Amino acid sequence: MGELEVWGGHECSLTRVGDSFRDQTELTGHHRRLDDLERFSALGLKALRYPVLWEKIAPERPEVCDWTWSDQRLDLLRRLNLRVIAGLCHHGAGPQYADLVSPGFALGLARHAEAAALRYPWIEDWTPINEPLTTARFAGLYGHWHPHRRDELSFWTALLNEVDATRFAMQAIRKHNSKARLIQTDDLGRTYSTARLQDQAEHDNLRRWMGWDLLFGRVGPHHPFWRSLCRLGFENRLRAIADAPCPPDIVGVNHYLTSDRFLDHRVSRYPGRDARGNGRTPYVDVEAVRVVRPQPAGLAGALEEAWARYHTPIAITEVHNACTRDEQVRWFAEAWDHARRLRNDGADIVAVTAWSLLGAYDWNSLMTRSVGHYEPGVFDVSAGTPRPTALAAYLKRLSEDETALAPISGQGWWRRDIRFAHPPFRTRSRAVRSPKQKSAYARRAPIMIVGATGTLGRALARACQARALTYVLTGRQQVQLEHVGSIARALATYRPSAVINASGFVRVDDAEREADVCRAINTRGAVALANACAEAGVPSVTFSSDLVFDGADDTPYAENAAPNPLNVYGASKADAEAQILAACDAALIIRTAAFFSAHDPHNFAAWVVRELAAGRPVICANDVIVSPTFTPALADATLDLLLDAETGLWHLVNQGAVSWADFACRIAEVSGLDANLVEPRSGADLNWPAKRPANSALTSQRGCLLPGLDVALSRFAEARAGLEA
């Protein structure tokens, strides 16, 4: 075996829902950014899964092809010496004139494959169809994608068409390039179940191999599915495939935390989950990781089973986790650790692929809804220009040294009891070995959070605890920002990996009469802490406020807007920003606004709920516009930026600008309270000692990392309900 390689790929699915095509390459902006390829190359990748999609090149008629986009990018990849694994159909059903269940699909894709092979004779690695079994299930059995069928005949027709398309495509390619290799990918998980559904689970566990089994020529009269497929009228096709198989040169295993499934006939245990059925027993189909004990087989089990079944080189062809940054790093580190362990045990694992290099849109709904839900990948493209995350730095280290330790310690949520979203169900399956923490991760010093009694400090501590990030939460006994000596002692005592200053003087109106106390904490203390961190070589985070602006603009303020505070509190924050940015290169400053949380009784939203629940009116300004910020989301985004080693100014708020009165009404609506008790007033009528800007709404040029206000309010209501339960 050669060295274990790092491969990559951007999410390039081109799905069809109804008559609409959704193209991830366009959604992430890669379609228009040629320089992304240089970003990918700089990671040290050895190979790149890259689209040469039939739907893109010949969308109207098969004889009318436009290769311009592919020519330009494949030429650059060749010059960058980045090996290409060309994909011809990625979760697609072909162009408008094609169809997964139509007789012409296989030959149509084969014609496209031959044209691609003639145009790019130097490409040796091919994946004609990504995840054929998964695509057949989603399009032919579950109805998510075109042609939206929901029956066994359509599923098997689609799968056999895809297998034939792969065979014919590789035959066409190999006519012009005898060295061409087939790298055949599919999602591989295991199904668990209650005893009553054991037959269904066994069926699913046999069916998951069918794409590869067909290509390897293993589906003959002795195969478990032979008789049922013959009854559907496929005997001649099965014999033709078995007589001229197309064994993959590399089995590409894609595995996600959702890949292992659990089937349960006790439908009432899963409120809100739709029941399916097999004609005999209704059941729910949920993520096994959320219910099965002991730990599901996961990626390690999938790799072990695939090697034992085919004894063919294996690549992990998609590794991605739509989660927080630390969990993304842990997930890749665990996949890498599994690959290295299995190689040591004799399995020929050739590569681990960082998938979704540019993130993905709306995969939480399998791209069936267009709501703009974005999940970052190795790069974050939420601001338009890709921004490397902590995962990018880790991949680069692995490409240089396969023994490099992950920069983040701790176990992923899938290996802790917080994984259970439903009552645990104990199965008889064997437990799978967990990667040893000392071999998979570098030891990491704690994150020091300053501000033990504040809303934000406690939210950051909860986030660290949920994410298994080592932290220490300090109060005034440990750190007094007014005293430089206490700062130095705390840094020497805890030796933190980073410091987050979540403390501060937050009483905006009181600051007008306690100006010196406010400035001592918000300006002089914040600057002293940031400077001490800079001298110690420790990254720091400081929080600032929307109140650094005067509100003269009608549009939301971005990071490049000039501060012009109207009150003492805003001035104390603006002065701290200026001094820290001038002196501390590794400092991150986050401007935010109007915290709200179900965990804190002192924020605006909690006050509104309390008053309305008691039947009392709430009086709010209807001419002061703000960007409310859900504190748990702010804490998570802050930690992500810290782990990404981001510096400078960032705006973090939930997307959406409202008046305080409108905000109160929306809180009432999601909480089931009477919005008619909200009494709008002008800000002038409220006699605030500190002047407020009429509009302090924030936006970001660097990336909108928090969801919209509607999502935040829903999470607030859910959190309240959970605390009250």
Revision key, fill the gap. Flagged in region 649-674 as outside any loop (DSSP other than H, G, I, E, B) and out of contact with any Lys or Arg (no Cβ under 8 Å at 6 or more places or on another chain), in numbering order, are Gln655, Ser659, Trp660, Asp662, Phe663, Ala664, Cys665, Arg666, Ile667, Ala668, Glu669, Val670
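Hey, any hits in region 606-615 for a residue that's charged (D, E, K, R) and farther than 30 Å from Asp326 by Cα?
yes
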**Study point:** Candidate set: region 26-38, residues that are buried (at least 18 other Cβ atoms within 10 Å of the Cβ) and not β-branched (Val, Ile, Thr); chosen: the one farthest from Ile183 (Cα to Cα)
**Key:** Leu27
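Could you tell me which residue of region 556-579 is nearest to Val527 (Cα to Cα), considering only residues that are in contact with a Ser or Thr (Cβ under 6 Å, 6 or more places away or on another chain) and in a helix (DSSP H, G or I)? Steps first, please.
Here is the first cut: in region 556-579, the ones in contact with a Ser or Thr (Cβ under 6 Å, 6 or more places away or on another chain) are 556, 558, 572-573, 575-577.
Adding the requirement that they be in a helix (DSSP H, G or I) leaves 572-573, 575-577.
Working: Ser572: 11, Lys573: 10, Asp575: 9, Ala576: 6, Glu577: 8 Å.
Checking each candidate, the answer is Ala576.
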Review point. So which residues in region 214-242 are touching a helix residue (DSSP H, G or I) at 6+ places or on another chain (Cβ under 6 Å), part of a loop (DSSP other than H, G, I, E, B) and within 21 Å of Pro313 (Cα to Cα), if there are any at all?
Key: Gly217, Val219
Revision key, fill the gap. Quick count over region 693-720, residues being outside any strand (DSSP E or B) and either of a type in the set (S, T, N, Q) or outside the structural domain of Ser544 (by TED's automatic domain parsing) (or both), is 5
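So, Arg261, is that one farther than 29 Å from Thr317 by Cβ and either surrounded by fewer than 19 Cβ atoms within 10 Å (Cβ to Cβ) or within 29 Å of the chain's Cα centre (by Cα) (or both) or not?
no
Residues Ala404, Ala392: which one is within 17 Å of Ala645 (Cβ to Cβ) and without any contact (Cβ under 8 Å) to a residue 40 or more places away in the chain?
Ala404
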**Study point:** Scan of region 106-154 for residues that are free of Cβ contacts under 8 Å to residues at least 40 places away in the same chain and either among the basic types (Lys, Arg) or assigned to a loop (DSSP other than H, G, I, E, B) (or both), ordered by number
**Key:** Arg137, Tyr142, Gly143, Arg150, Asp151
Revision key, fill the gap. Taking region 261-281 and the residues there that are touching a strand residue (DSSP E or B) at 6+ places or on another chain (Cβ under 7 Å) and in contact (Cβ under 8 Å) with a residue 12 or more places away in the chain, the one that is farthest from Arg196 (Cα to Cα) would be Arg273
Point to revise | Residue selected from region 552-562 under the condition under 11 Å from Ser696 (Cβ atoms) and of a type outside the set (A, V, I, L, M, F, W, C), by the criterion surrounded by the most Cβ atoms within 10 Å (Cβ to Cβ) | key: Tyr557
Practice item. Determine whether Ala488 is modelled with pLDDT under 95, of a type in the set (Gly, Ala, Ser) and either more than 23 Å from Asp644 (Cβ to Cβ) or touching a His at 6+ places or on another chain (Cβ under 7 Å) (or both). Key: yes
Exercise for review: Select from region 462-485 the residues that are more than 22 Å from the chain's Cα centre (by Cα) and of a type in the set (Gly, Ala, Ser) and write down the one among them that is farthest from Trp331 (Cα to Cα).
Suggested key: Gly485
**Study point:** Criterion: assigned by TED's automatic domain parsing to the domain that holds Arg416, surrounded by 20 or more Cβ atoms within 10 Å (Cβ to Cβ) and small (Gly, Ala, Ser) - qualifying residue of Ala393, Ala308, Ala335
**Key:** Ala335
**Study point:** Qualifying residue in region 491-500 (condition: crowded, with 22+ Cβ neighbours inside 10 Å, among the small types (Gly, Ala, Ser) and in contact with a Cys (Cβ under 6 Å, 6 or more places away or on another chain))
**Key:** no
Check your understanding: For Ala684, are the conditions met, namely being assigned by TED's automatic domain parsing to the domain that holds Tyr569, without any contact (Cβ under 8 Å) to a residue 24 or more places away in the chain and either under 24 Å from the mean Cα position of the chain (by Cα) or more than 19 Å from Ala574 (Cα to Cα) (or both)?
Key -> yes
Check your understanding: Within the set of pairs 6 or more residues apart or between chains, which connect a residue that is under 17 Å from Leu109 (Cβ atoms) inside region 63-85 to a residue that is at pLDDT 95 or above and of a type in the set (S, T, N, Q) with Cβ atoms less than 8 Å apart?
Key -> Ile85/Thr127
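Kindly establish whether Pro103 is surrounded by fewer than 21 Cβ atoms within 10 Å (Cβ to Cβ), part of a loop (DSSP other than H, G, I, E, B) and modelled with pLDDT under 95.
Considered against the rule, which asks whether it is surrounded by fewer than 21 Cβ atoms within 10 Å (Cβ to Cβ), part of a loop (DSSP other than H, G, I, E, B) and modelled with pLDDT under 95, Pro103 comes out as yes.
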Practice item. For region 136-158, state whether one or more residues are acidic (Asp, Glu), surrounded by 16 or more Cβ atoms within 10 Å (Cβ to Cβ) and closer than 30 Å to Arg276 by Cβ. Key: no
Practice item. Given the conditions (1) more than 23 Å from Thr134 (Cβ to Cβ); (2) β-branched (Val, Ile, Thr); (3) touching a Cys at 6+ places or on another chain (Cβ under 8 Å), report the number of the one that Thr194 does not fulfil. Key: (3)
Practice item. Find the helices (runs of 4 or more DSSP H) located wholly in region 463-555 whose residues include 1 or more that are within 30 Å of Glu327 (Cβ to Cβ), and list them. Key: 484-494, 526-536
**Study point:** region 31-50 residues that are outside any helix (DSSP H, G or I), paired with ones that are modelled with pLDDT of 95 or more and basic (Lys, Arg) (beta carbon under 8 Å, 6 or more apart)
**Key:** Leu34/Arg73; Leu43/Lys396; Gly44/Lys396; Lys46/Arg83; Ala47/Arg83; Leu48/Arg83; Tyr50/Arg73
**Study point:** Among (1) outside any helix (DSSP H, G or I); (2) crowded, with 23+ Cβ neighbours inside 10 Å, the one test that Leu460 misses
**Key:** (1)
Exercise for review: State the number of residues belonging to region 517-534 that are surrounded by 22 or more Cβ atoms within 10 Å (Cβ to Cβ) and small (Gly, Ala, Ser).
Suggested key: 3
Check your understanding: Could we say that Arg309 is within 20 Å of Arg207 (Cα to Cα) and of a type in the set (Lys, Arg) here?
Key -> yes
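The values are calculated or read from the model by the stated rules, or taken from the named source; none is laboratory data. What you see is a predicted model, and the numbers here were worked out from it, not measured in a lab. Here Cβ is always computed from backbone atoms with ideal geometry, including for glycine, and neighbour counts include all displayed protein chains.
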